[in-house]
Amino acid sequence: MPFPNTVHYGWPAGFPGAWASQNPQRMVVSGSNGFCAGAGGVAIAAFAWVQADGVTVLNRPDAANPKAAPTGFVVRSQQGQVTQYLGQNTMTIAQGFMVDLAEGGDVFAIATTASVAGQAVYAALADGTLQCAAAGAAPTGTVDTGWSVALGAAAGLPFIITGPLAGARSTVSSSGTGN
């Protein structure tokens, strides 16, 4: 690591892909083999899609369903790998490594557009990056994620997105007692 040559007087609000609160945090439940990054790796702090095999994750939808909503948001779980000699940091999960996908909760993200509280969050179909706009006004080449902006910021700065609420649970139990 080189000698520090800059001083930052103010810390950012948060770091992309990190949890922003202790509100309920929901993860996508994987199969017995878990989720693994596909060819080229998976970008952290972007949306991702589980592919047709149920294991491989990419920052783009499966070719069989090119307009599908993303499976989840790739959160930071210390799984980024520094694969280049003397590399210092990375926001990419290398091919074959474990991927964690959030389906709800509050996380820090960065968008290519400015964000305002209450706006819908859209994922670019090409790479899973975020764009924010009014609900129902999806920018070209994006798909609605079901997430929304909780705390906005200018384009390129960390802001907070919040995942959709979990679906209601069934009141029918397998025991037949209703408990």
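The values are calculated or read from the model by the stated rules, or taken from the named source; none is laboratory data. Predicted model only: the values in this text are computed from it and were never measured. Every residue, glycine as well, gets a Cβ built from its backbone with ideal geometry; the counts of neighbours run over all protein chains shown.
A few comments on the model shown:
- The C-beta contact set for segment 104-117 (first residue within 16 Å of residue 75 (Cβ to Cβ), second residue aromatic (Phe, Trp, Tyr) and surrounded by fewer than 23 Cβ atoms within 10 Å (Cβ to Cβ), distance under 9 angstrom, 6+ apart or interchain) comprises 105/19; 106/19; 107/19; 108/15; 108/19.
- Within segment 66-104, the set of residues being among the β-branched types (Val, Ile, Thr), modelled with pLDDT under 95 and not in a loop (DSSP other than H, G, I, E, B) comprises 92, 93.
- Residue in segment 75-91 that is among the charged types (D, E, K, R) and under 30 Å from residue 3 (Cβ atoms) present: yes
- Restricting attention to segment 115-153, the residues being in contact with a Lys or Arg (Cβ under 8 Å, 6 or more places away or on another chain) and part of a strand (DSSP E or B) number 1.
- Pairs meeting the criteria (first residue in segment 43-54 and over 13 Å from residue 65 (Cα atoms) and part of a loop (DSSP other than H, G, I, E, B), second residue of a type outside the set (A, V, I, L, M) and at pLDDT 95 or above, beta carbons under 7 Å, at least 6 apart or on different chains) are 46/59; 46/127; 46/128; 46/129.
- Those residues of segment 117-132 which are more than 13 Å from the chain's Cα centre (by Cα), farther than 17 Å from residue 164 by Cβ and surrounded by 14 or more Cβ atoms within 10 Å (Cβ to Cβ), in sequence order: 125
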